[in-house]
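What follows is a single structure, written as structure tokens, with notes after it.
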């Protein structure tokens, strides 16, 4: 998916109160062929910018003025309530599984939650923006790791082989079978076998597409954590 | 009268039998006089004690109320005298703490008295004064007056038995010498314990103070932690994230647009420098390096250096002042100097510091326009914050800042050095 030309011409809103980072994000998105229609530094401006119908995706910092707590997150969740399925990628300097859960609960798919560190991997970040814009779910490996280690205390995960656990983690991050295969240097078919084994061992209902699969896995991890 | 009472009501001297000299004799004689007074006051105490007992059955008819209106204030007056005498003998203040009776009438006031523990302690005292207390006080008087009586009898009457009694007088006087200070002190302590609620009150007040300063300290440290988190989040962390973005983008543009990539890398390098500056200032805000290396005196000298007006530093302190106190004092001085720069318009400032008798004294002054107020938090910076911080160590801050100046902030923190 990352290399599909879906993202070209995407219209994005950037919300980040720190000028350095706002400029950096804007540059990166524009260098990747997207159009930054608005770059704002506070929650009220973000809400106004998101009201415009011709925005395809928003990249939002969690903490912004006026109260410097979670206005970015709140504005993103509100925007998704007003426009179900509106793609939002939330950036933060900390990952907080609680916030991830609130985002995931705000509707199916088209959400992302990444550490700001990940932006330095420009291609990976741009791919994440595109994946969210096209309805996918992207979670920071740190969030997934937190959920997996939290769930690790329980019995069922121990039934998985180490390889299957790796695959589970990558699935939870929102990766497709093809991406997982590329990451682990195995064939897509092998990944398919692992995912089937995971679903069977964890008693998960079969999920046809990648996004539903992420949510199923996350819901399971969340329930265990 | 005042001279007499001042002479009689001094603190009790030594309880030891030696030295045997004029001063010790005078002290014992005066304590015997005091004992006589204590013993005489046993009579009104007994009368009031009996009347108080009568009040209870008579309370069923109106007479008890009428009687109480006379007896209870009389008891209070009597115990007030005892509080004063015993307090003076012990060298401390013995204070009463009766329940408040304002807004009561002749019927409700006795009812309020009935529920007041302090009044019941007064009643208990009446009986102590009439019984055990009376014995304690009569003894020194008896031990001293018996020999005089015997001698008088022997001289004027001249009987054999009188002379036999005179032989006993040596031991009697010895006992008098030995027991008088102890008995008087024992009675005074008993009176303090029955009548004085000052110790409990003092402890209660102290507990309230400690609880308040602890809450403030917790608030203060929570605010500090939040400030540090905010400083890191907005400063170093954000800058390092920005460096990551710039370098990432530069990497991508390296081949297609080398000039832009070089520009991004240059920006990234500059941002690294400011990230380090941010980290340094956060560290300075937590534990300043000069304070860590040189102690409070060195820390204050380092503080004064970057101040844009002449600051005279005369700080002479021993090493070994507890670190938390040093740190609190350092930030207090820093805040005072910052206020001087921001608000005073002064042409010079000074910091004087010393340590004696277990108290750290610091004085920060300037010749500016004055008008600083410790209670206005926003105007004169964090003076109130300093006071809160010092209160955690039982320290105090006083601000003298008349309009027109000078402003002198005096900080005092009791502390023990580790040497």
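Within region B:296-312, is even one residue in contact with a strand residue (DSSP E or B) (Cβ under 6 Å, 6 or more places away or on another chain) and assigned to a strand (DSSP E or B)?
yes
Has region A:97-106 got at least one residue that is modelled with pLDDT of 90 or more and under 27 Å from residue B:248 (Cα atoms)?
In the first step, residues of region A:97-106 are kept if they are modelled with pLDDT of 90 or more; the result is none.
Checking region A:97-106: not a single residue is modelled with pLDDT of 90 or more and under 27 Å from residue B:248 (Cα atoms).
Can you tell me which of (1) within 14 Å of residue B:321 (Cα to Cα); (2) at pLDDT 80 or above; (3) not in a strand (DSSP E or B) is the one residue B:419 doesn't meet?
Tallying (1) within 14 Å of residue B:321 (Cα to Cα); (2) at pLDDT 80 or above; (3) not in a strand (DSSP E or B), residue B:419 fails exactly one: (2).
Among B:281, B:274, which is the only one that is under 30 Å from residue B:333 (Cα atoms) and under 41 Å from the mean Cα position of the chain (by Cα)?
Working: B:274 fails: under 41 Å from the mean Cα position of the chain (by Cα).
Of the residues listed, the single one that is under 30 Å from residue B:333 (Cα atoms) and under 41 Å from the mean Cα position of the chain (by Cα) is B:281.
When you go through (1) surrounded by fewer than 22 Cβ atoms within 10 Å (Cβ to Cβ); (2) within 22 Å of residue A:142 (Cβ to Cβ); (3) touching a residue at least 12 places away in the same chain (Cβ under 8 Å) one by one for residue A:69, which number turns out not to apply?
(3)
Sort through A:35, A:74 and tell me the only one that's more than 14 Å from chain B (Cβ to nearest Cβ) and under 23 Å from residue B:249 (Cβ atoms).
Details: A:74 fails: under 23 Å from residue B:249 (Cβ atoms).
That would be A:35, the only listed residue that is more than 14 Å from chain B (Cβ to nearest Cβ) and under 23 Å from residue B:249 (Cβ atoms).
Please state which of the following conditions residue B:259 fails to meet, knowing it meets all the rest: (1) touching a residue at least 12 places away in the same chain (Cβ under 8 Å); (2) away from chain A (no Cβ under 11 Å).
Status for residue B:259: all satisfied but (1).
Just give me the residues in region B:236-256 being within 59 Å of the chain's Cα centre (by Cα) and more than 10 Å from chain A (Cβ to nearest Cβ), in sequence order.
Within region B:236-256, just B:236 meets the criteria.
Restricting to region B:99-144, what's the tally of residues that are in a loop (DSSP other than H, G, I, E, B) and farther than 13 Å from residue B:69 by Cβ?
Residues of region B:99-144 in a loop (DSSP other than H, G, I, E, B): B:99-107, B:115-116, B:131.
Then keep just the ones that are farther than 13 Å from residue B:69 by Cβ; that gives B:99-100, B:102-103, B:115-116, B:131.
So the answer is 7.
Checking residue B:189 against (1) surrounded by fewer than 17 Cβ atoms within 10 Å (Cβ to Cβ); (2) within 14 Å of chain A (Cβ to nearest Cβ), which test does it fail?
(2)
Filter region A:111-147 for residues that are part of a helix (DSSP H, G or I), away from chain B (no Cβ under 14 Å) and touching a helix residue (DSSP H, G or I) at 6+ places or on another chain (Cβ under 6 Å) and give the result.
Hits for region A:111-147 are A:130, A:143, A:144, A:146, A:147.
Residues are listed down the side, and each one gets a yes or a no for (1) over 14 Å from residue A:60 (Cα atoms); (2) surrounded by fewer than 24 Cβ atoms within 10 Å (Cβ to Cβ); (3) free of Cβ contacts under 8 Å to residues at least 40 places away in the same chain:
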{"residue": "A:82", "(1), (2), (3)": "yes, yes, yes"}
{"residue": "A:88", "(1), (2), (3)": "no, no, no"}
{"residue": "A:93", "(1), (2), (3)": "no, yes, yes"}
{"residue": "A:99", "(1), (2), (3)": "no, yes, yes"}
{"residue": "A:102", "(1), (2), (3)": "yes, yes, yes"}
{"residue": "A:105", "(1), (2), (3)": "yes, yes, yes"}
{"residue": "A:108", "(1), (2), (3)": "yes, yes, no"}
{"residue": "A:131", "(1), (2), (3)": "yes, no, no"}
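The values are calculated or read from the model by the stated rules, or taken from the named source; none is laboratory data. Just so it is clear, the model here is predicted, and its values are computed rather than measured. With ideal geometry, Cβ positions are generated from the backbone for all residues, glycine too; neighbour counts draw on all protein chains shown.
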